[in-house]
Amino acid sequence: MRTHYCGLLNTDQLDQTVSLCGWAHRRRDHGGVIFIDLRDREGLAQIVCDPDRPEMFGIAEQVRNEFVLRVTGKVRRRPAGTTNANIGSGEIEILCHEIEVLNTSVTPPFQLDDENLSENVRLTHRVIDLRRPQMQKNMMLRYKVAMAFRRFLDSRGFIDIETPMLTKSTPEGARDYLVPSRVHPGEFFALPQSPQLFKQLLMVAGFDRYYQITKCFRDEDLRADRQPEFTQVDIETSFLTETQITALMEELIRTVFKEALDADLPNPFPRITHAEAMRRYGSDKPDLRITLELTEVTDAVQDVAFKVFSGPATSGGRVAALRVPGGAALTRGEIDGYTEFVKIYGAKGLAYIKVNDASQLNEHGLQSPIVKNLHEAALKTIVERTGAQNGDLIFFGADKTKIVNDALGALRSKIGHEKGYVNGNAWEPLWVVDFPMFEYDEEAKRWTACHHPFTAPKDDHLALLESDPGKCLAKAYDLALNGSELGGGSEEAQLKFGFLLDALQYGAPPHGGLAFGLDRIVTMMTGAESIRDVIAFPKTQRAQCLLTQAPSAVDEKQLRELHIHLRKQVQTSVDVAKG
């Protein structure tokens with residue numbers, strides 16, 4: 001029905017007769033000549049309808065926005081002064097010979113160029129929303145990224161193998177989405193949080209290079225970068241070391257960014273340990289575009305009179321400083337705003353010092369209510385370690401180590417972007433390695449896996465598994481980019497886990513891999529604020545699909561077949577009295 005896409009026409013097709021199919025994006029009547037901007041997935045083309053052809057012109061007069069059209073006409077150059085540099089076909093137009101309305105449309109719920117749409121309106125009418133040029137570009141880029149992953153992995157000998165969507169519920173990670181079994185009353189499948197177990201089984205089965213672009217499911221509280229169902233590029237390989245795996249994955253990401261965006265990522269990527277990342281940036285996925293860093297001052301304030309500092313410093317906590325060059329110009333209102341911000345991360349407050357004269361280590365040179373409670377030796381160490389100059393401001397975090405890292409790490413990012421403390425680079429990738437093997441769960445009062453329960457410990461840390469698990473490091477690695485985690489991976493060990501243990505007895509090879517979040521990568525590439533803008537049919541932050549009205553109630557017959565009885569929540573007067 002068509003010979004070309006609208007957005008791909010240019011001066012190469014001058015004087016050719018072409019046939020186009022698409023939607024009427026806009027119709028304009030200019031005193032007897034009708035212009036129709038015809039839209040398809042590749043962009044727009046301007047159609048010119050002259051009254052010289054009465055039958056064709058009569059149809060054009062009836063066209064309204066979002067009518068589906070087939071147009072045949074001759075490509076000609078636009079008159080001087082009317083070109084449109086914002087679209088690919090902006091130098092040409094099509095003089096219409098024939099026009100056919102393939103389908104009409106009711107008035108859309110919103111104009112496609114409306115920039116002030118609420119997300120609920122967009123998601124309720126997602127089919128129309130997906131017609132918007134930006135959403136079309138997002139979906140096309142997502143396709144290009146996925147194909148770049150496939151081409152690279154195919155060329156390196158990886159094979160695409162599907163793993164089950166109905167699997168066994170496991171106790172690790174986030175909450176599972178459960179699927180009741182009709183055939184086995186009272187038993188449930190779980191939707192996979194990742195193909196973790198199955199990709200290890202594939203290594204045992206001898207498929208030494210596996211990948212899959214697959215859906216994963218987690219029943220967790222949602223944020224802008226989370227969805228109950230999301231897409232991973234899952235990769236596993238045997239007989240490669242940690243260094244070889246990360247080198248291969250690094251080449252993969254450089255290739256994907258080059259093919260999808262024509263962006264050149266650095267070679268090689270910088271690499272730091274998890275401990276260094278937390279010490280310098282307060283985050284295991286630091287944004288290296290931001291030039292601010294944290295400074296350790298715990299040892300310098302252990303004996304000061306200011307209990308807010310000395311308390312954590314002498315009880316296993318952390319006291320860290322964040323120097324803001326020129327920050328003395330911040331207003332009290334801005335400082336108060338930052339103080340409220342860090343409270344989100346558990347901080348009780350935000351101490352600070354304005355450096356008016358770094359040579360005077362007292363209340364004359366250093367402006368802050370806390371200076372009188374810090375002795376000169378502590379102030380000297382703080383100023384020297386942070387490199388503070390006149391006109392700078394130093395923020396402090398003092399609490400449990402996790403709270404300090406979370407609060408100052410987030411503050412570093414916020415101030416860095418708001419106040420322009422960035423290096424100007426578009427992309428800053430970073431490998432973070434040597435993760436702790438375990439972290440202590442204060443609520444459960446036990447050690448839990450930091451990455452996942454199948455990660456192998458460092459070879460020289462095996463003895464620490466029992467003697468001092470808190471010091472045991474793992475063969476785990478994360479790839480961060482611009483402050484977001486692109487993917488995480490590890491080398492795997494043989495641990496007891498039901499059917500996995502059985503399989504691992506039959507000659508399991510040394511293996512490791514990585515999983516990249518496809519949604520997150522495309523979100524970063526497009527500059528979108530939410531991964532919902534790069535997923536065709538996403539859920540809201542309440543895990544609902546406004547388009548299909550899912551989740552929804554099902555009829556009693558379906559429930560009976562699944563041997564499920566819903567217990568009604570009835571609130572009695574006694575319940576109300578109890579509060």
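The values are calculated or read from the model by the stated rules, or taken from the named source; none is laboratory data. Note that the structure is a prediction, hence the values are computed from the model and not measured. So basically every Cβ, Gly included, is an ideal-geometry build from the backbone, and we count neighbours across all protein chains shown. Side chains included, ligands, DNA and RNA excluded: accessible areas come from the protein's heavy atoms. Shrake-Rupley method; radii C 1.70, N 1.55, O 1.52, S 1.80 Å.
Mind checking whether some residue in region 229-243 is touching a strand residue (DSSP E or B) at 6+ places or on another chain (Cβ under 6 Å), open to solvent by less than 30 Å² (accessible area, probe 1.4 Å), in a helix (DSSP H, G or I) and within 15 Å of Gly488 (Cα to Cα)?
Yes, region 229-243 has at least one match.
For Arg218, indicate whether it is touching a residue at least 24 places away in the same chain (Cβ under 8 Å) and surrounded by fewer than 18 Cβ atoms within 10 Å (Cβ to Cβ).
Spelling it out, it is not the case that Arg218 is touching a residue at least 24 places away in the same chain (Cβ under 8 Å) and surrounded by fewer than 18 Cβ atoms within 10 Å (Cβ to Cβ).
Could you list, ordered by first residue, the pairs with Cβ atoms under 6 Å in which the first is in region 527-551 and closer than 19 Å to Asn482 by Cα and the second is open to solvent by 30 Å² or more (accessible area, probe 1.4 Å) and in a loop (DSSP other than H, G, I, E, B), at least 6 apart or interchain?
Here the result reads Ser530/Ala224; Ile531/Asp225, each pair linking region 527-551 to a residue that is open to solvent by 30 Å² or more (accessible area, probe 1.4 Å) and in a loop (DSSP other than H, G, I, E, B).
Report, by residue number, each residue of region 429-484 that is of a type in the set (Phe, Trp, Tyr), under 18 Å from Met278 (Cβ atoms) and touching a residue at least 60 places away in the same chain (Cβ under 8 Å).
Within region 429-484, Trp431, Phe435, Tyr477 qualify.
Mind listing whichever residues of region 309-338 are open to solvent by 50 Å² or more (accessible area, probe 1.4 Å) and out of contact with any Gly (no Cβ under 8 Å at 6 or more places or on another chain)?
Thr314, Ser315, Gly316, Thr331, Arg332, Gly333, Glu334, Asp336
Residue check: is Leu95 touching a Cys at 6+ places or on another chain (Cβ under 9 Å), surrounded by fewer than 18 Cβ atoms within 10 Å (Cβ to Cβ), at pLDDT 95 or above and under 21 Å from Leu8 (Cα atoms)?
yes
Pairs only if they're at least six apart or on different chains, beta carbon under 7 angstrom, first in region 1-18 and under 17 Å from Asn86 (Cβ atoms), second assigned to a helix (DSSP H, G or I) and open to solvent by less than 50 Å² (accessible area, probe 1.4 Å); list them, first residue then second.
none
Kindly state which strands (runs of 3 or more DSSP E) lie completely within region 1-95 and contain at least 1 residues that are polar (S, T, N, Q).
Qualifying strands (runs of 3 or more DSSP E): 17-30, 43-49, 68-77.
Does Phe57 count as more than 43 Å from the chain's Cα centre (by Cα) and aromatic (Phe, Trp, Tyr)?
yes
Just wondering, is there one or more residues in region 104-121 that are surrounded by 16 or more Cβ atoms within 10 Å (Cβ to Cβ) and within 15 Å of Ser19 (Cβ to Cβ)?
No, because not a single residue in region 104-121 is surrounded by 16 or more Cβ atoms within 10 Å (Cβ to Cβ) and within 15 Å of Ser19 (Cβ to Cβ).
Could you count how many residues in region 354-397 are free of Cβ contacts under 8 Å to residues at least 12 places away in the same chain and within 23 Å of Arg280 (Cα to Cα)?
Total satisfying the criteria: 1.
Which of the residues belonging to region 135-163 are in contact (Cβ under 8 Å) with a residue 24 or more places away in the chain, within 22 Å of the chain's Cα centre (by Cα) and open to solvent by 70 Å² or more (accessible area, probe 1.4 Å)?
Lys137, Lys144 - these are the residues of region 135-163 that are in contact (Cβ under 8 Å) with a residue 24 or more places away in the chain, within 22 Å of the chain's Cα centre (by Cα) and open to solvent by 70 Å² or more (accessible area, probe 1.4 Å).
Give Ala260, Ala277, Ala300 a once-over and let me know the one that is in contact with a Pro (Cβ under 6 Å, 6 or more places away or on another chain) and more than 13 Å from Leu481 (Cβ to Cβ).
Unique residue meeting the criteria: Ala277.
Residues being hydrophobic (A, V, I, L, M, F, W, C) and surrounded by 18 or more Cβ atoms within 10 Å (Cβ to Cβ): count how many of those fall in region 68-86.
3
Being hydroxyl-bearing (Ser, Thr, Tyr), at pLDDT 95 or above and open to solvent by less than 20 Å² (accessible area, probe 1.4 Å) is the filter here, so list the residues in region 506-552 that pass it.
Correct list: Thr523 only.
Among the helices (runs of 4 or more DSSP H) confined wholly to region 106-201, which include 1 or more residues that are polar (S, T, N, Q) and out of contact with any Leu (no Cβ under 7 Å at 6 or more places or on another chain)?
133-155
Being among the basic types (Lys, Arg) and in contact with a Pro (Cβ under 9 Å, 6 or more places away or on another chain), is that true of even one residue in region 204-225?
Yes, region 204-225 has at least one match.
Among what's in region 296-320 and is small (Gly, Ala, Ser) and in contact (Cβ under 8 Å) with a residue 24 or more places away in the chain, pick the residue that is farthest from Ala277 (Cα to Cα).
Ala305
Could you check region 371-450 for strands (runs of 3 or more DSSP E) lying wholly inside it with 3 or more residues that are not hydrophobic (A, V, I, L, M, F, W, C)?
438-441
Could you identify the single residue in Phe341, Phe306 that is closer than 19 Å to Ile382 by Cα and open to solvent by 10 Å² or more (accessible area, probe 1.4 Å)?
Just one listed residue meets the conditions, Phe306.
Is there a residue being open to solvent by less than 60 Å² (accessible area, probe 1.4 Å), touching a residue at least 12 places away in the same chain (Cβ under 8 Å) and among the basic types (Lys, Arg) anywhere in region 398-413?
Among the residues of region 398-413, at least one is open to solvent by less than 60 Å² (accessible area, probe 1.4 Å), touching a residue at least 12 places away in the same chain (Cβ under 8 Å) and among the basic types (Lys, Arg), which makes the answer yes.
In region 199-213, is there at least one residue being buried (at least 21 other Cβ atoms within 10 Å of the Cβ), touching a His at 6+ places or on another chain (Cβ under 8 Å) and charged (D, E, K, R)?
No.
Identify all residues within region 414-431 that are closer than 21 Å to Ile353 by Cα, open to solvent by 40 Å² or more (accessible area, probe 1.4 Å) and of a type in the set (Gly, Ala, Ser); write none if there are none.
Residue satisfying the conditions is Gly420 alone.
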